[in-house]
Each structure stands twice: as C-alpha cells, then as structure tokens.
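To start, the structure itself, in structure tokens.
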Amino acid sequence: MSNGVVVVDIDLDTLRPIERDLLKVGNQAPHAIRRGINKTGDKGRTPYVRAIAKQMGLKVGVVRKRIRVRRANYDRMEYRVIGFGGPIPLIHFNARETRSGVSHTADGQRKVLKGSFIKGGRFPTRRALKIGPQVWLRTSAKRTPLEKQEGPAVPERMLEDPAIGVFRSTAEARLIPNILHEIDAIMNGWAPRG
C-alpha cells in the first residue's frame, strides 16, 4: 500500500511580503500563519479531489474515502493531503456490461475490457453472481479461476497533472490573503484565541 502526499507549507521567503504585518501581531503571528495555512488547504482540497476524480474516471465520494488530511499545528506548519490504498476495483469506474466485455472509465476515458463480465448467464437474462458485483476475467479456458479486475490507485494519480496543478494554483493564490485575513482578525479582536 503506497501513499501520495501533497503539502502546503511555509518558508521564510513566502512571508517576506507580509513581514511587517506579522510583526504587528507579535507572538500571535504563529496563530495567524497556522490558521491561514489550514484555511488555504481546506479551500484547495475540494477542487483537488474533484480533479483527481475526473482524471481517474471515478465518483468524487470514492476518491474522498481514500484521502486524509493533516492540518497545520504548532509543531508542524504544513497542511498535508495524504492518499492511501491500493488499486481500486474496476466496478467503481462506471462499469457497464456489454456483449463483448465490461465498459469502464478508468483513467477518464471509456474503454472495453474484452472477455470480462459482471453477471452470469446468457444475454439478455443475465443474473448477479453470488461472489459479488465486481468485474471478473477468466484466467484460463475453464470457468474458473476468475481474477478480479482493478484500476489505478489514488496515491499514484494524485501527484499527476492536472490534479496537482489545481491544488498548487489554489494554494499559491490564497495563502498570503488568508494569512493577512487572520492577522486582521487578530488585530481587530475577532479571532479565536490560540
């Protein structure tokens, strides 16, 4: 099981344009930075997950279940989006059975996997198999053994363009404005303490 990790973090060069603003809030600056990073990551996560789903040919909910977030805290000033899990069963890729095989949308394009099937029996009166709704392929000329077919894994695809570009562009555009917003909240007294 492999993991993919995407990070929004801060280096000192990123903060140079707002150095004076950070000095105004003194010891509250780490709070503003942390909340700004978390707000940026949260805003970037939704379009990022949608982009991964579109790129892979999956429903957003399937991708969302395979992604976790670690928000910035005082020890680690970074927002991490972590993908986990192995290959996703092909049935989740909008799989539909046809006479020549199962049609699916793995990698965002509809393809047919010749000789594969979901149900048993003759067309048009096919019935669900007792072994569950999956995309199956025979590994020999006999009826069994069957091999469950799988598509790509989320960690493999989450670091590829265009999905990663969506996350990075959101982070780059929103990070400084979000930190400035948190500084303003501290200076005006309506920010939460800590």
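Read-outs: derived from the displayed coordinates by stated rules, not from any lab. Everything quoted here is computed from the prediction, not taken from an experiment. Methodologically, a virtual Cβ is constructed for each residue, glycine included, from the backbone with ideal geometry; neighbour enumeration extends over all protein chains shown.
Under 26 Å of direct C-alpha separation, and excluding same-chain neighbours fewer than eight residues apart, Lys24 reaches these lysines: Lys39. Could you work out [θ]222 nm for the chain from helices alone, using -39500 (n - 2.57) per DSSP H run of at least four and dividing by all its residues? Round to the nearest 500 deg cm²/dmol. Only helices count here, giving -12000 deg cm²/dmol.
Between Leu146 and Asp184, the distance separating the two model label sites (each 7 Å from Cα on the Cα→Cβ line) works out to 5.9 nm. Rounded to the nearest 10 degrees, the angle from helix 29-56 to the longest Cα principal axis of the chain is 20 degrees. Return one number: the angle in degrees, 0 to 90 and rounded to the nearest 10, between the long axis of the Cα atoms of helix 163-188 and the longest principal axis of the Cα atoms of the chain. That helix lies at roughly 30 degrees to the long axis. Annotation: lysines with alpha-carbon distance below 23 angstrom to Lys130 (same-chain offsets under eight excluded): Lys114, Lys119, Lys142, Lys148. A Gaussian network model of the chain, with springs between Cα atoms under 10 Å, assigns the largest mean-square fluctuation among Pro124, Pro177, Pro89 to Pro124. Note on Leu15 and Phe123: their simple-model spin labels are 6.4 nm apart, each label 7 Å out from Cα toward Cβ. Under 12 Å of direct C-alpha separation, and excluding same-chain neighbours fewer than eight residues apart, Lys43 reaches these aspartates and glutamates: Glu172. Placing dummy labels 7 Å off each Cα toward the beta-carbon, the span from Asn3 to Tyr74 is 2.4 nm.
What is the extension gain from Gln109 to Glu97, computed as 0.36 nm multiplied by their sequence separation minus the C-alpha to C-alpha distance, in nm to one decimal?
On the way: separation 12, 0.36 × 12 = 4.32 nm, distance 1.59 nm.
Result: 2.7 nm gained on full extension.
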